[in-house]
Each structure stands twice: as C-alpha cells, then as structure tokens.
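Below is one structure; the comments refer to it alone.
The values are calculated or read from the model by the stated rules, or taken from the named source; none is laboratory data. Here the structure is a predicted model, which means the values were calculated and not measured. Reconstructed Cβ throughout: ideal geometry from the backbone, glycine too, with neighbour counts over all protein chains shown. Quick note on the areas: whole protein, heavy atoms, side chains included, nothing else; ligands and nucleic acids left out. Shrake-Rupley method; radii C 1.70, N 1.55, O 1.52, S 1.80 Å.
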Amino acid sequence: MNSTASLSNTALARQLWQQTWPMALGVMSLLGFHLVDSIFVARLGTAPLAAQSFTFPLAFLVIGVQVGVGIAIAALISRSIGAGKQTEANRLGALVLVGGGVLQGSLVALLWLVKTPVFTLLGASPEIQTLIRPYWALQLPAMWVGGVVYFGYSLFRAHGNTRFPGLMMVVTSLLNLVLDPLLIFGVGEWQGFGLPGAALATLMAFALGGVLLVLSLKGKGWVQREGMLQQMRDSALPFFHIAGPAMISQLMPPLAAMLATALVARSGDQAVAAWGMASRLESFSIVLVLGMTMALPPWLGRCYGSNDWDTVQRLMKVGAAMVVGWQVLLGLLLAVLAGPLAGLLVDSAPVQAYLTVLIRWLPPSYGLLGVCMLVVSASNALGWPMRAMLISFLRLFLCYLPLLWLGFHLGDFGGLALGAAFGNLMAGVMAWGMYRQALSSVNS
C-alpha cells in the first residue's frame, strides 16, 4: 500500500472507505444469511427459533476464538510486511491455517461433549434441547469449516486485499440463501430437514468457500511451509502475546451473551426468541463497524511496523467519525420502524412485542458501541493487547451486564433493553478515553 502520511483527512477517509466497503459488504452478506436463517426458522414456530437462539452464545464462543487467532496472525503478518520481512510473513501464513484449524477443531469437539450441561445451564428445557441436538450436530462442523475459511481470509486482509474476502462472503451467503428454504422446508413432496436444514445449508456454503479459497491461494506464495516449525518457535511468544489477550477479549462477549440469555430466559421462550432475533439484527446493523475492524488493523499494523504514529492517530479519528455518524443515523431509522420491522421478521405476536422494544432502544446506541469495538480491534494491531482485553472486560462487566441486570429488575423487559443501550453508550466513552491515554503515552 502507498504511504499515507501526506494524505489529507478527506483522502484518508476515502482510502479507508475503499478498504472497508468490500469487508462491510461481505460481512453484511455473511450476517445477512444468519439473519435469513433465523427468519426461515421463525416460520417453523417459536420453539425452533428459541432452540436456535440458545445456541448463539456458544456460536459466539467459537467465533471469538476464531477472531482472536485471526487478529493475532493479521497483526504479525502486517507488521512483518511493514518491516520488509516478506518471507517471515509467508511462513506465518502457513501457521495460521494449520494451527488455527487444529485449535478450532478442538473447541468444536469440546462443545459437542458438554452440550447437555451447558444448554441446561442456559435455561433450555428438555423439549427445546431435543430440537437443539440434531441442529448442533451439523452446526458445529459448519463453524469449524467457516473458521478455517476465515483464517484464509485473514491472509488476504493482512496483505491489503479486502476485496477477495468480501466477494467470497457474498458468494457463500447467496448460496446459503438458495439452500436454506430447500433444506429447511423441502420441495414438492419432500418435507426437508426442518431446523437441522439451516445448519446443513451453512455447512455446504462454507465448504464451497473453502474450495475457492484454496484455488485462490495457489501461486501467491503467501503460505510457505518450509521453515514453518522454526517460525513457530520464533513467533510463539509474540503470537500468544497478541492472541492470548485477543482470544480472551473475544471470549468475553459469548460469556456475557450466555449470562444475558439466562437473564432473558426468565421472561419465557418468546423473550429468548426475540433476543436471539435482535442479536442477529444487531450484527447485521453494525456491518460498517465489523468491516472496519477487519480492514483497519492490518493498515495500522503496517504503520506500527514503520513507526508512523501520526497516520495511526488520523486513521482512528476518521474511522471513529465514520462509525458514529453512520450508526446514529441508521439506529434512529430502525427505532422509528421498530414495529413494522418486528412484524416483518417474526410471525408470533408475543415475540413481535418483545422484539419491537429491543429494536426501539438498542440500535441508536450502536454508534458508541462501534467506537469501543474499533478501539479494541486497533489496540491489538498497535501492540496493546492487554489494554484491548481490559477494555473488553470493562465494556461487558462494568457497563453492559450491570446495567442490563439493573434495568431488568427495575423495569422488566423494557428496562432490560434500556439498560443494554446505556451500557453501550458508557462503553464507547470509556474506550475512547483509554485509547487517547495510550496514544499520549506513546507520543510523550
């Protein structure tokens, strides 16, 4: 990538947008097919939707490990490229695919072994768990394949290519969109698989992504097996210095989601179904933030490798302004359309009522939540993994969960939604203050 030190803020914003929009489009497609999954599953009834919703916290756990490993590898590879060490970057590319696949596979196997006690702890009834098991048996391998594919996408992002990962996310999402109704509801006289069909569609879509990824990596030289073991020994300490805190940071949201789901379950299966749908909608509505957290860190990593802190400071200001402006406008629009949107997403009147409350209060708070996510992602790229972990901890366990619990006890489900929104606002202010403090210490 060309030097950005001499660019104006407007030109910098334009270049940041060029890096971000392919990832935002890809993430929107990927999350869109998860939202489509939930919409189709909702047509099966409240019980299947609640069963799927109970799996979300554990799915976030797998994604958290996957993202943590991806953050570490993207940071190390981009720093190596910024320092002119391309051979080292290529050996790291081999490590991400092999090591990440083994780690992801081990976690998936563990989650299958502990499924019964975990879902019981989350509040799933025996009847709901009967629906969960066949779905989970297919969803777990789908998450493993998706994780390995994600690690491959990380190689492209580390080398400054965000278009290929974005395009692949769109392709796999479209395939899932086609397969979902066929495998869930069937065609003609064939009745389909019901809830497990949604997981099977995801598995098949990710498998196609894996095949196309392997074909695209051929000839690029980004995966160098020669010297990989020596590189693993050399990179183990810096890798775990980044990956350890990054994975812990990424594992905190699933833990918080489990606690939040257990709290919501006190209001019944309809509330859990609405909470699960709102979680899908949240991920879908913050695609710009998610795209930027993928596109920006490799750029920051190259700045870190070349000791260009002025560009770092300007990039963060531009990124935060883009996130806040877009998310506030989108959040207000969703709040106004909360009732009709809830009716479009689910059929059940009680679930619609709960979902309307969530959409009305939560999306306007995603602007500052996005700032917090951006700071966490940037901190890992800038050599502050412990600070990133601390920010994640404070966001969830000082801001989000306490206000969620307080709101629920003061105002039942409506208070819960309002408490979650205020938690997001507090987290954004706190994270930006901690980022400014860290930057001051570097410049002093």
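Residue check: is residue 417 in a helix (DSSP H, G or I), under 25 Å from residue 299 (Cβ atoms) and touching a Lys or Arg at 6+ places or on another chain (Cβ under 9 Å)? Considered against the rule, which asks whether it is in a helix (DSSP H, G or I), under 25 Å from residue 299 (Cβ atoms) and touching a Lys or Arg at 6+ places or on another chain (Cβ under 9 Å), residue 417 comes out as no. Residue under question is residue 212, and the condition is that it be modelled with pLDDT under 85, closer than 30 Å to residue 299 by Cα, open to solvent by 10 Å² or more (accessible area, probe 1.4 Å) and part of a helix (DSSP H, G or I); does it hold? When the stated conditions are applied, residue 212 does not pass them. Of everything in segment 362-395 that is within 24 Å of residue 416 (Cα to Cα) and of a type in the set (A, V, I, L, M), the residue that is surrounded by the most Cβ atoms within 10 Å (Cβ to Cβ) is 369. Among the residues making up segment 77-105, those that are over 20 Å from the mean Cα position of the chain (by Cα), farther than 13 Å from residue 222 by Cα and assigned to a helix (DSSP H, G or I) are 79, 82, 98, 99, 102. The selection criterion, being under 16 Å from residue 17 (Cβ atoms) and crowded, with 19+ Cβ neighbours inside 10 Å, holds for residue 323. Residue under question is residue 51, and the condition is that it be open to solvent by less than 30 Å² (accessible area, probe 1.4 Å), closer than 30 Å to residue 269 by Cα, hydrophobic (A, V, I, L, M, F, W, C) and in contact with an Asp or Glu (Cβ under 7 Å, 6 or more places away or on another chain); does it hold? Answer is no for this residue.
For segment 415-430, the count of residues that are farther than 17 Å from residue 364 by Cβ, open to solvent by less than 10 Å² (accessible area, probe 1.4 Å) and touching a helix residue (DSSP H, G or I) at 6+ places or on another chain (Cβ under 7 Å) is zero.
Can you find a residue that is of a type in the set (Ser, Thr, Tyr) and either at pLDDT 90 or above or within 22 Å of the chain's Cα centre (by Cα) (or both) anywhere in segment 155-169? Checked against the condition, which is being of a type in the set (Ser, Thr, Tyr) and either at pLDDT 90 or above or within 22 Å of the chain's Cα centre (by Cα) (or both), segment 155-169 yields at least one hit.
Test residue 315 against the stated conditions and say whether it is open to solvent by less than 10 Å² (accessible area, probe 1.4 Å), out of contact with any strand residue (DSSP E or B) (no Cβ under 7 Å at 6 or more places or on another chain) and closer than 20 Å to residue 46 by Cβ. Criteria not met by residue 315. Against the numbered list (1) assigned to a helix (DSSP H, G or I); (2) crowded, with 24+ Cβ neighbours inside 10 Å, residue 144 comes up short only at (2). Among the candidates 45, 105, the residue that is modelled with pLDDT under 90 and open to solvent by less than 60 Å² (accessible area, probe 1.4 Å) is uniquely 45.
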